[in-house]
1. For the stretch 248-256, what does the Karplus curve 6.51 cos²θ - 1.76 cosθ + 1.60, with θ = phi - 60°, yield as ³J(HN,Hα) per residue in whole Hz, taken in order and with x for Gly and Pro?
2. So for the stretch 329-423, considering every pair of alpha-carbon atoms, how many percent are separated by more than 23 Å?
3. How many angstrom lie between the C-alpha centres of the stretch 203-253 and the stretch 281-295?
4. Using packing as a proxy for protection, rank 328-335, 131-138 so that the peptide with the highest average count of other Cβ atoms within 10 Å comes first.
5. Could you run the Debye sum over the Cα atoms of the stretch 286-367, one equal point scatterer each and no solvent, and tell me log10 of I(q)/I(0) at q = 0.23, 0.27 Å⁻¹, two decimals?
6. Note the per residue figure in Å³ for the convex hull of the C-alpha positions in the stretch 129-323.
7. In nanometres, what is the gap between the two model label sites at Asp107 and Gln342, each 7 Å from Cα along Cα-to-Cβ?
8. Could you calculate, for the stretch 257-403, the ratio of the Cα radius of gyration to the Kirkwood radius, expressed as Rg to Rh?
Amino acid sequence: MWNKINIVLMASMLIFVGGFGYYAFTSHQQINLMRAELSAFQNEQAVRADAIQGEIMSLRSELWSALENLGDEVDENIAHTVEIEEKLEDNLALSEALGKRVSNSFDRIDTLEQELAEATAFTESGMNAPELYRKVSQTVVRISNGQRTVGSGFFYNSEGNVLTAHHVIEGLEEIYVISSEGKIFPASLVGSCVFSDVAVLKLDGVPDVAPPVIADSSNIKIGDPVAAIGSPFDLADSLNTGIVSQVNRFAEIEYNGQVRWVANLIQFDAAVNYGNSGGPLFNADESVIGLVIARVGPGEGEGIYYAVSANKMKRVAESIIAQGHFDYPWLGVHISDLTPQQVQDTGLESINGVLVNQTVPGGPASLAGVQVDDIIIAIDDAEVRDVAMLTSYLGEATSPGQAATLTVIRKATTMDIPLEIGLRE
């Protein structure tokens, strides 16, 4: 029994050992095979690693070479950039210089354009004397006492009024107006103003002549061309031309042995003589800018002639036509221009202003508190530079009863003095 068991056990062991041996053998073969495959894989990976390493080295070499080339290019570019910057700076400097030249050129162009405009304006403002005479000479008339020509005048409106100078008709018993066509119109005196030397006549009949345009004489500029048409020494319809020499003159004028001061005068140099008084003074636009009244005598000087400004003339004429007289504004002061010595003594900054020498008792200035030695420098904010300027402002811009303000300097103190314009008797 035990023998059979032992035999079975031995057989089983042999089978187990044989199976285990086979398994071990086959496993060893597989291990060897795997080891061989692993070795081959390692070799393959080593080869690949070497190849990659070679590629890396090659790429690194190419990269360094590229970087070196790039560095050279950067250096070249930097040098080129510096060169460009230098050229740019040169160009900027050149541009600035060119800009200055262009600016100077534009300034020069502006100057030339201004000079051209001034030259053009002068050319355009130049007077076409023949054309002016053709258009306006028929508006100018002669004033006669029935025996001879004593002065000139012009048609003022379409209602038969003629303007002339006060001293032309002063004392005349008979007045005749003779047109450029030779027609005679008896005339009567509507009224006159001795202080302005303006007179208004009324014709016996209405002439078929359009009156000239009356200009705004405040627009007159020194050097403007003018033309005077009148009848000097009975030489009818004479034309003389010249320029405006100055405006707002205040002059002492003698008529028939009588001397009086007249304001609002235009000074001009177109030659006028006895017989021109009362005639119109025209500008280049064929408009009346003044009424000729006087000249400086040959014994005193040459080339100085006076005309009452159109604004003053028109103001006086309209008042005379409306009420038969002109209410002349009055301050009630005796004034004079400042002298250099007075300016020094009073510490003034300039010679502009007028000195009050006397106030008329009960007059507008006296009642308002104006004192002797006050220096009037403005009226209603209008600058007063001299007696002529103050009297011109009064004549053209104020009326009796009107409120006004004088600005005066009194012992180095500037003050405003309100007053009411009075009536000159």
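All of the numbers you see were taken from the coordinates with simple rules; none came from a lab. Values in this document were obtained by computation on a predicted structure and should not be read as measured data. For neighbour counting, all protein chains shown are included, and Cβ atoms are generated from backbone atoms with ideal geometry for every residue, glycine included.
1. For the stretch 248-256, the Karplus curve yields 6, 7, 10, 10, 8, 10, 9, 10, 6 Hz.
2. Beyond 23 Å sits 15 percent of the P(r) for the stretch 329-423.
3. So the separation of the two Cα centres works out to 2 Å.
4. 328-335, 131-138
5. -1.01, -1.08
6. Dividing the Cα hull volume of the stretch 129-323 by its residues yields 107 Å³.
7. Reported label-point gap for Asp107 and Gln342 is 4.4 nm.
8. Reported Rg/Rh (Cα atoms, Kirkwood Rh): 1.01.
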